[in-house]
Amino acid sequence: MDTQGDGIFAEEVVIQILARLPVKSLFRSKTVCKLWYMLSLDNYFIQLFNELSRKNPMILVEISDSLHSTSSLICVDNLRGVSEFSLDFLNDRVKVRASCNGLLCCSSIPDKGVFYVCNPATRKFRLLPKSRERPVTRFYPDGEATLVGLACDSTFQKFNVVLAGCHRTFGHRPDGSFICLVFDSELNKWRKFISFQDDHFTHMNKNQVIFVNNALHWLTVSSTYILVLDLSCDVWRKKPLPYDLIYGMGNRIYLLDFDGCLSIIQISEAWMNIWVLKDYWMDEWCIVDKVSLRCIRGMVPGIFPISQTSEYVFLATHKQVLVYHRKSQVWKEMYTVKHSSTLPLWFSAHAYRSTLLSCI
Amino acid sequence: MAKTPEPKRTISLKPCDGDVIEVSPMIAKQMQTIQSFIEDDSFIATTTIIPLPNVTAFQLSKIIDYLNYHSNSKAVADNVKESTKKFDEEFLKELEHDKLKELLHAANYLNVKEVLDFLCQAVADLIQDKSVKFVRKFFGVVNDYSVEEEEDIRRTHAWAFEGVEED
């Protein structure tokens with residue numbers, strides 16, 4: 001066994017250990033020796049780290065304080081508990097608009113139309129160039145894009161940001177055209193295409209944008225299909241929902257990710273049903289779990305599923321974050337907001353996990 | 001490949017410092033190194049004793065304990081997450097740093113993925129809040145940076161060192 005200056009463990013063992021560290025510790029470990037520094041930059045290592053991070057789901061929640069009209073972010077981590085989460089390295093007041101594989105898309109609050117994509121774990125960020133369209137034409141109703149989506153693939157080091165919404169020319173009524181701007185990180189450019197469609201979205205619909213198979217997915221108000229933006233050819237499509245899904249009559253549905261697959265969570269008075277799209281191209285949905293909501297009966301009308309893996313479901317209420325462990329069927333309260341906040345926690349809660357994906 | 005799935009048969013493993021330990025084929029299968037022995041045509045389960053010159057009896061029995069517990073708990077009810085956690089905690093509590101390192105070596109030599117994953121996580125948890133000095137000592141790594149180089153990396157990633165106690 002090699003016991004020289006390179007240490008007592010084989011390189012592969014060191015890699016496996018480093019890939020299980022929190023990002024902050026990993027960055028400190030770069031100063032251990034030159035070999036470790038090199039290992040932490042290796043592609044194989046980065047892939048492994050990103051893959052393992054799937055097992056440690058977290059959610060980001062914005063806590064607003066109406067008294068002081070301030071807001072802060074917290075990170076609810078299934079393994080390590082709750083911690084404060086800072087985007088101060090952006091040097092701007094921002095709002096998290098979309099989250100995908102460890103990257104966040106944030107919009108500037110003071111400067112409309114300014115967007116950042118950042119990796120909060122590594123504190124790297126990229127300021128997106130302004131799209132040239134913005135000054136002359138407007139999104140309906142208030143100049144803000146209705147949909148903001150972030151798509152980043154962990155195998156290719158690139159991302160797309162999508163801004164979409166009904167559109168109106170200055171001084172005119174909206175004409176039914178749906179404009180879509182797509183930012184390409186490799187070209188550092190926005191591209192634009194227009195379609196004619198009439199989709200409407202609730203606040204939760206807008207928050208829950210899922211990136212799967214190089215396409216972004218949203219539910220719409222009508223809840224009769226999933227709206228799909230295929231980024232390989234810039235085409236909007238519709239995807240059917242599970243055949244036996246009951247919507248309406250006190251049933252609410254949400255769109256989430258499930259270990260890299262699309263998933264629908266339906267919440268009724270007594271049950272939470274979880275569907276997973278097993279075969280994306282054949283539209284084959286399977287029901288994977290039927291969870292009784294009896295233990296949290298009083299809270300049911302106010303719970304919103306935010307994130308899940310095959311093991312856990314994170315849910316937010318007005319003032320709480322809950323986690324449900326599917327195997328042991330145990331509900332756990334992870335966080336309760338202390339002061340009276342203006343906005344419910346589910347209002348700006350995003351799935352998150354900490355990865356080494358680059359946004360530069 | 002000699003495949004004879006008789007349920008009663010056991011595999012004999014001989015650690016470097018103790019008597020032969022019998023394990024079920026189910027457990028042996030999870031040790032990749034043993035598995036390649038078994039798949040060899042000259043292997044006869046009833047008579048062959050597999051020598052393990054790099055593994056002590058203590059390490060081997062620890063690894064077998066872990067595998068036994070986890071393969072049983074998988075088969076039984078789903079409602080075992082809490083007790084599994086307790087078992088894992090107890091398992092680690094009995095190991096001092098040196099023993100933990102040696103066990104990781106043994107698991108790596110036997111190539112048992114489940115135990116390797118578990119122990120790597122345990123080491124990661126152990127070192128995550130420790131100083132760089134501690135980590136170097138723990139891993140037996142020699143610092144090959146010059147003072148300037150090390151300072152330079154620290155400066156670049158200053159935020160990673162915030163709120164961490166140095167010893």
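What to note about this one:
- Selection of first residues in segment B:102-127 that are on the phi > 0 side of the Ramachandran plot and of second residues that are surrounded by 21 or more Cβ atoms within 10 Å (Cβ to Cβ), restricted to Cβ pairs under 8 Å at least 6 apart or on distinct chains, gives the following pairs, ordered by first then second residue: B:Asn111/B:Met31.
- Of the residues making up segment A:320-346, those that are among the charged types (D, E, K, R) and surrounded by fewer than 17 Cβ atoms within 10 Å (Cβ to Cβ) are A:Lys327, A:Lys332, A:Glu333, A:Lys338.
- Answer residue from segment A:201-227, given it is in a loop (DSSP other than H, G, I, E, B) and hydrophobic (A, V, I, L, M, F, W, C) and is surrounded by the most Cβ atoms within 10 Å (Cβ to Cβ) among those: A:Val209
- Pair list, Cβ < 7 Å and 6+ apart or interchain, from segment A:158-186 residues that are in contact (Cβ under 8 Å) with a residue 60 or more places away in the chain and of a type in the set (Gly, Ala, Ser) to residues that are surrounded by 18 or more Cβ atoms within 10 Å (Cβ to Cβ) and assigned to a loop (DSSP other than H, G, I, E, B): A:Ala164/A:Ala145; A:Ala164/A:Thr146
- Condition met for B:Thr47 (among the hydroxyl-bearing types (Ser, Thr, Tyr) and at pLDDT below 90): yes
- Which numbered condition A:Val291 misses (of (1) out of contact with any helix residue (DSSP H, G or I) (no Cβ under 9 Å at 6 or more places or on another chain); (2) within 14 Å of another protein chain (Cβ to nearest Cβ); (3) loosely packed, with under 15 Cβ neighbours inside 10 Å): (3)
- Filtering segment B:124-143 to residues that are more than 7 Å from chain A (Cβ to nearest Cβ) and of a type in the set (Lys, Arg) leaves B:Lys130, B:Lys133, B:Lys137.
The values are calculated or read from the model by the stated rules, or taken from the named source; none is laboratory data. Fair warning: this is a prediction, and the values are worked out from it, not measured in the lab. Every residue, glycine as well, gets a Cβ built from its backbone with ideal geometry; the counts of neighbours run over all protein chains shown.
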